[in-house]
Every structure is written in structure tokens, then in C-alpha cells.
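A short worksheet on the structure shown next.
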Amino acid sequence: MLAVRYALLGAALLLLTACRDSPAEVVQRASEAAASRDVVTVRDLFSVTSQRRFVRRWEQQQRTEDDGWQDLVAKLAFDGKPMEVKDEQIAGDFARVEALAGAEKRDYYLRKEDGRWRIEPGAQTRYRKALAVANPAAAAEDEAEAESEASGEASDSSGGKPKKKPKK
């Protein structure tokens, strides 16, 4: 009987720890770790798929993995400080988190991996598909916002690289 209780308690603790972080909390932790140059923590907050993709890309560029992670860490902070996380939206196993780096808005996409939220660059399309299934009205609003931002950035004369318009 005691063994059953311990097993149930262990299972409950496992469930609580596996789902404890929201997508916004994961992005916040990544940004805080980046501000303190904690590469190990940042790397662990990315999905395994993303980590492998990064390493392959860096190998093709003949860069060391350490240099690649250092560059990525620098992009997750703003002027050496953590970004300000503003909003999160969850659609099934995918999520979008909006953060501010100074006045610049950045979107981060996450995927649930083994019950934990992980940052996954390139998950935008899968997030939008999941959002369209879960909440068609929110998906239409998200698409309209993306189009508005893309058209505004396309006409931006600041010399920055304009983002591509999303495919329909």
C-alpha cells in the first residue's frame, strides 16, 4: 500500500514539474540566461530538433558550435539585458510569445517536446495551422496582424531587412 502511495506521489510530482513552465516563462528564462551569458541554459531551452539544425548549419558555415551558441545567446538579450515578454498564445502543442527588445517586437515560436515547452525557430507555420484548428477567429486575427506588420516593414526606410510577407 505504501509503495502505491509513493508511486502516485512520484507521478503527481512528475506531472507538475513537466508542465510547470508556460511558453512565456521559457522565453523569459532564455532571455535572462542570455543576458548573463549562460549558454548551457539557453541551449537546453531550445528543442532537440532546433539544436541539431543549428549545429548542422554551423558545421556547413565552418563555425564552431561554441561560436554559434555565443551568437545566438547575444540575440536573445537586448543591450545585455533580458527582453520584456509581453504576450503568449498557445495552440495545441505550439505557442507564440511576443517579446520586446527595446522598441523592437520579436515573436518566438515554441513547441511542446516531451511535455515541456521548448523554443523552436521555424515553427511559425505549424503554430498557425494549430491555431486555425483550435481557434479560427484568433488565427484570422493573427494572419491580419502579420500582414499589417509585413506591409509596414516592407515600406520601412530605416535600412533594416524587411520581413517576408506570410504565404496564404
Just tell me which aspartates and glutamates come within less than 16 Å, Cα to Cα, of Lys112; anything on the same chain fewer than 8 places away is out.
Asp21, Glu25, Asp44, Glu88, Asp93, Glu120
Where Lys and Arg each count +1 and Asp and Glu each count -1, what net charge lies around Asp87 among other residues with Cβ under 12 Å from its Cβ?
-2
Ranked order, Lys86, Lys112 - accessible area, probe 1.4 Å, largest first:
Lys86, Lys112
Sorting Ile119, Ile90 on solvent-accessible surface, 1.4 Å probe, most exposed first, gives Ile90, Ile119
How would Ser50, Ser36 rank on accessible area, largest to smallest, probe 1.4 Å?
Ser36, Ser50
Approximate spin-label separation Thr49-Asp71, in nm, with each point projected 7 Å along Cα-to-Cβ
2.3
Starting from 0 in steps of 5 Å, tell me what percent of the Cα-Cα pairs of region 64-137 lands in each bin.
3, 16, 20, 21, 19, 13, 6, 2, 0
Which distance in nm do the two modelled labels at Ala134 and Asp107 give, with both placed 7 Å along the Cα-to-Cβ direction?
1.4
Run the paramagnetic zone check for Lys81: 7 angstrom along Cα to Cβ, then residues of region 94-123 with backbone nitrogen under 18 Å.
99-106
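The values are calculated or read from the model by the stated rules, or taken from the named source; none is laboratory data. Everything numeric here is computed off the predicted structure, so don't read it as measured data. Don't worry about glycine lacking a Cβ; one is built from the backbone with ideal geometry, like all the others, and counts go over all protein chains shown. To get the accessible areas, we keep the full protein, side chains included, count just its heavy atoms, and leave off ligands, DNA and RNA. Shrake-Rupley method; radii C 1.70, N 1.55, O 1.52, S 1.80 Å.
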